[in-house]
Every structure is written in C-alpha cells, then in structure tokens.
Amino acid sequence: MKINMKRKISLLLGSVVAFSTIASAQTASSDTLSLSVDECVAIALDENPSIKIADMEITRVDYSKRETIGQLFPNIAFSAAYSRTLAKQTMYMDTPEGSMEIKMGRDNTLAPGFSASMPIISVQLWKSIKLSDNQILQNVEKARSSRISLVNQVKNAYYALLLARDSYRVIQENYATAKVNAQIYENQYKLGTASEFDMLRSSVAVKNLEPSLLEAENSIRSLELQLKVLMGLDVNCAIKPNSELADFKSTMYADVLSLDTPISNNTNLRQLDLQTDYLKKAVNVQKAAWYPVLAATIGYSWYSLTNGSPFKDFKWSSNSTAGLTFQWTLFNGGQRYYKQRQTELQYKEMAWQRDNLTRSLEMQKRIQLDNIRKSVKQIDSSEANVEQAVKANQIQEKSFKIGASTYLDLRDSEDAVMSAKLAYYQAIYNYLVASSDLELLLGNADVKYPANTKEAATRTKAILSEKQF
C-alpha cells in the first residue's frame, strides 16, 4: 500500500510538472509574434529612429525655404526711444549789450514709431529661393537613401537569423543522433558487447558538437536583438521569423529572370546629380550679386519733448516718411568674382565625380550579378549534394547494422549530411544577401509596402504595445 501510495504521489507530481511545463511553453509560444520579412521591413520603416530623423530634416529644410521667402514680404518693426538730458546744449549769441548764453533742448525726449521696408528688386534673393527648393529635394533623396539602406539592413538581418535557425536545427539533429549513438555504445560497453574505444569515440563525437550548438544558440539570440533594434522594437519583446531559407527557393529563378539593372535610381548617383544642380543654381546666385538692390521704406513716428517729470505733460508731434533705397555695390575687393569662380570650379568637378561614380557603380553591379549567378549554381549543386549525402548515410546505416562498416564510417556519413545541409542553407543565404545588396545598389527597394503588409505591421505593433515585457 505504501509503495502504491508513493507511486500515485510521484505520478501526480509528475503530471503537475508536465502540465506546468506545457502551459508555460504554450504561453511563451502565444507571446511570440511570427513575422515575415516584409512585415519586419514595414515595421522598421515606421519605427526606426533614423527614418524619423530623416523625415524631420525634410520639414526643417522646408521651414528654411519659408524663411527665405519671408524676406520678400515687408519687414515691419516698432521702436521706442527715451533719453534724459543731463546737460543742455549751450548756444552763445553776441548782442549790443554783450554775449548772451542760451540753453537749448528739454529734459525728456520720447520717440516711439513704426518702420517698414520691402525689397522691390533683389535678384540674388529670388535666385536663393530656387536653392532652397533644391535643398528640399536633396533631403528627400537622403530620406529615401535612409529607407533603402534600412530595408537592406533589415532583410540581411532577417536572412542571417534564418540561416542561424536552420544551421542550429541541422546541428541539433546531428547532435541528437550522436547522443543516441553514444548512449547505445555506453550501454553496450557496460554489457561487454562494445569496446571502451568505441564508447569513448562516440562520447567525444557528442562533445565536439556542443560548442557549435552553443555558438548557434548565441548567434540566434544576437541576431534577434539586432533585428529588433533595426525595427525600433523593445529588446524584451519576443519575435520569430515565420519562414525558412528553403521557402525563398521557389521564387528564386523568377526573381533572377526579372532583374532590372539600370543604375539611374542609385541613391548616391541621384544625390550627386542634385548636388550638381545645386551648384549650378549657386553660380546663378553668385552672378546675381552683381545686380543692384531696390527697396521701399515707410516710417511713421511720434515724439514728445518735455521738462520735469518724464511721465506727464506730454506734447506729441508726428512725423511720417516714404522713400526708396537703391544700393549697388560697385567694388568690394574682388570678393564676388573669386567666390563665383570657386563655385564654378566645384560645378565642373561634379562632372568628373559623376563619371567616376558611374564606372564604380557599373563595376559593383557586375560583381553583384556574378555573385547572384554563382549562388544560384551553388544552390543547385548543394541541393544535389544533400540528396547524395542523405542516400549515402542511409546506405551506411544499413551497412553498420549488419556489421559491414564501422562506427567511424557511420559518423563520417552523418557529418557529411550535416555539412551538405549547412552548405545548402549557406548558398541560399548568399543568394538572398546578394539580391538584397543589388537592390540597395540599384536603389530599387520598395520603401512603400503594399496595404496588406502595412496593415499586418500595424496590427503587429498594436499587439506589441499591449504586451508588458
């Protein structure tokens, strides 16, 4: 009875522990969000701080343009001045009776008034407004460059995470097989049916895989953190990819055939063209400095002159003026000329820089295309190699069971399967990264994802904001 009671208690405790383990696993699974690469990119485009900064820079330059346009409107100012006469001016007059001393002025002078001025002709100011337009376009292109670069970083981090997860799974499978073999040999050694050498060799095979397994686990955690930082998410939230590297193989050939490779959308090239256009407009601004400036001015003021207390006995008089101000700088030591020559030389330099950049981009494009083609061939070769390695391992397993091969031969075949699978996943990863880098080079990344992806990303962010990490 006591033994049965102990068994019942043990079974009950085991059931409770198992139920708790399953419940905690289900809770962890429900808290983990499964995301596609497009959803990760969509979240990053909305949440990454660098994108928000780039958008704010566009707004800042727009404000700068409005500041320049504001110089075309009247500049209205109010001013007021008060002065107290400490020693009045003395004037002397000669009369037949002798010299006469006269004190001039009053104790208090109060003069408030309004003034306004507005440029009528200011060619340099008009040209400067076009410079502001170009600066806005440059910041828009910089913001697009930030988005394209972020898309590339998120995709590469996502693909690296997939590679780490697939590699971990392959190593774990090999580790599990080696562990089972080691346990079998340990049992056989205890029974006297296996040698100590075989038992030790199987145990060493398990120990050799443990560092690789730990390294893969650490790599997964590091890449998950990197992906969350790029997405602008809390590092404590739980996410995982909803795909594997092999899932991308189905669209690989179609993607290769549909490659569009002009470099006209390259963000560095477009920024250089905008900078060239900016310098061209800057030359026009420097030339406009030779033109005269004509401005209209209007003034209306009051003044009061009193003696004694400054706060009473005000006697106000008014004064108003209207006029034109003409200014034409005829000579300033050659500053305008040399400044214009500097800008013209910078403008000419841009043509050489563009030629050099174009050749460099064409070279990089060819390298990336070669990497893509090489990766496609490696994927086909590695896939065939995996099939052969698996078939060879199956033959070795049968041979080992009937004693026709040694344990060392079996382990070699199992390691060959692991190496073939790792090489296969590495080839797919290389293809995806090369495609992503080519997309970055060409500037063809989709920075405005479809509505369904944006909706999924919005729902995901809402779920993440509700969770307490």
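All of the numbers you see were taken from the coordinates with simple rules; none came from a lab. Predicted model, so just to flag it, every value in this text is computed and none were measured. Note that we place each Cβ from the backbone using ideal geometry, even for glycine, and neighbour counts take in every protein chain shown.
Each 10 Å bin from zero holds the following percent of Cα-Cα pairs in region 234-355: 9, 15, 13, 14, 13, 12, 11, 7, 4, 2.
Dipole check for region 258-362: with +1 at the C-beta of Lys and Arg, -1 at the C-beta of Asp and Glu, and the Cα centre as origin, the magnitude is about 400 Debye. Rg and Dmax of region 161-299, both derived from C-alpha coordinates alone, stand at 32.2, 115 Å. Take each peptide in 125-138, 48-61, 329-342, count the other Cβ atoms within 10 Å of every residue, and average; sorted highest first, the result is 125-138, 48-61, 329-342.
In this structure, the pairs whose alpha-carbon distance is over 31 Å, taken from Lys52/Lys287; Lys65/Lys287; Lys52/Lys155; Lys65/Lys348; Lys88/Lys315; Lys155/Lys280, are Lys52/Lys287; Lys155/Lys280. Sorted fewest first by neighbouring Cβ atoms within 10 angstrom, Cys237, Cys40 come out as Cys237, Cys40. The peptide list 414-424, 298-308, put in order of mean Cβ contacts within 10 Å with the highest first, becomes 414-424, 298-308. Legend: residue pairs Lys240/Lys374; Lys142/Lys240; Lys142/Lys228, Cα-Cα distance threshold 26 Å; pairs beyond threshold, Lys240/Lys374; Lys142/Lys240.
Under 11 Å from a label point 7 Å along Cα→Cβ of Ala176: give me every residue in region 378-400 with its amide N that close. Output list for this probe position: empty. Within region 199-277, the percentage of alpha carbon pairs spaced more than 21 angstrom apart rounds to 67%.
Working note: Cα gyration tensor of region 318-382, eigenvalues times five, square-rooted, sorted largest first, giving semi-axes of 62, 19, 6 Å.
Listed by chain and number, the lysines whose C-alpha is less than 19 Å from the C-alpha of Lys391, apart from same-chain residues fewer than 8 away, are Lys401, Lys421.
In region 167-185, whose amide N lies under 16 Å from the spot 7 Å out along Cα-to-Cβ of Ala246? List them in ranges. The answer is 167-174, whose backbone nitrogens lie closer than 16 Å to the label point. With R₀ fixed at 30 Å, the C-beta to C-beta distance from Ala111 to Thr59 puts the FRET efficiency at about 0.10. Amide hydrogen proximity for Asp107: with H placed 1.01 Å from N in the peptide plane, the residues at 5 or more positions away or on another chain lying under 5 Å are Thr306, Asn307, Gly308. Screening the chain for DSSP H helices whose Cα atoms reach 27 Å or more along their own axis and whose mean Kyte hydropathy is at least -1.0 gives 2-31, 49-69, 123-191, 196-231, 267-288, 407-442. If R0 is 30 Å, the Cβ-Cβ spacing of Ser264 and Asp133 corresponds to a FRET efficiency of close to 0.90. Per-residue ellipticity at 222 nm computed for the chain from its helices equals -24500 deg cm²/dmol, with DSSP H segments shorter than 4 residues left out and the rest contributing -39,500 (n - 2.57).
Here the convex hull built on the C-alpha positions of region 132-193 has a volume of 42 cubic angstrom per residue.
Taking label points 7 Å from Cα along the Cα-to-Cβ direction, Asn218 and Trp316 give a separation of 8.3 nm.
Approximating the spin labels as points 7 Å out from Cα along Cα→Cβ, the Asn75-to-Ala351 distance works out to 3.9 nm. Max-minus-min Cα coordinates of region 300-450 on each principal axis give 127, 48, 32 Å, with the largest extent listed first. Compared with the alpha-carbon gap, the fully stretched path from Thr297 to Leu125 is longer by 60.1 nm at 0.36 nm per residue. Computed from the C-beta positions of Tyr92 and Glu344, the FRET efficiency with R₀ = 56 Å rounds to 0.30.
Our Cα-only numbers for the chain put the radius of gyration and Dmax at 40.4, 151 Å. The slack in the chain from Met104 to Lys391, taken as 0.36 nm per residue of separation less the alpha-carbon distance, amounts to 91.5 nm.
In units of 2.2 N^0.38 Å, what is the alpha-carbon radius of gyration of region 96-203?
For region 96-203, the normalised Cα radius of gyration comes out at 3.50.
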